[in-house]
Amino acid sequence: MTGERSYGSSSDHRPHSPAEEFTERDQSRRLTLLSKPGCHLCDEARLIIDRVAADLGVGWTEIDITTDDALYAQWWEQIPVTLIDGVQHDFWRVDEQRLRRALSESRA
């Protein structure tokens, strides 16, 4: 994976614009996973996020921090990092119930 991918509620994805645009554009996205290749915790987080997003009808974006020096410098020790509406929600591990609760509460 390079750069950024967007995922709809049905898990479809397409390559998206470069990670440099993250700070401006993606702060408004619903759910974002910051990850890097070869990260087994990222693989686990991706599965949980995909399941929860599909169940709740929420699109999500995944950004590879290795494609952007600033993102890498900021997040490399905490990945995978989950952001909801641009705010850090989790790091290292994604708690499925906590994620569901947070997404459901912020929709109300």
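For region 87-105, indicate whether the set of residues that are in a helix (DSSP H, G or I), more than 11 Å from VAL52 (Cβ to Cβ) and not aromatic (Phe, Trp, Tyr) is non-empty.
Yes, region 87-105 contains at least one residue that is in a helix (DSSP H, G or I), more than 11 Å from VAL52 (Cβ to Cβ) and not aromatic (Phe, Trp, Tyr).
Going through region 52-108 one residue at a time, which ones are in contact (Cβ under 8 Å) with a residue 60 or more places away in the chain and of a type in the set (Asp, Glu)?
The answer is GLU62, ASP64.
Do any residues in region 36-48 that are farther than 16 Å from ARG100 by Cβ have Cβ atoms under 6 Å from those of residues that are in a helix (DSSP H, G or I), where the two are at least six apart or on different chains, and which pairs are they?
Qualifying pairs under 6 Å: LYS36/ILE65; LYS36/THR66.
Any read-out appearing in this document is the output of simple, stated calculations on the displayed coordinates, not a laboratory observation. Just so you know, these numbers come straight off a predicted model, no measurement behind them. Positions of Cβ are backbone-derived with ideal geometry, glycine not excepted, and every protein chain shown enters the neighbour counts.
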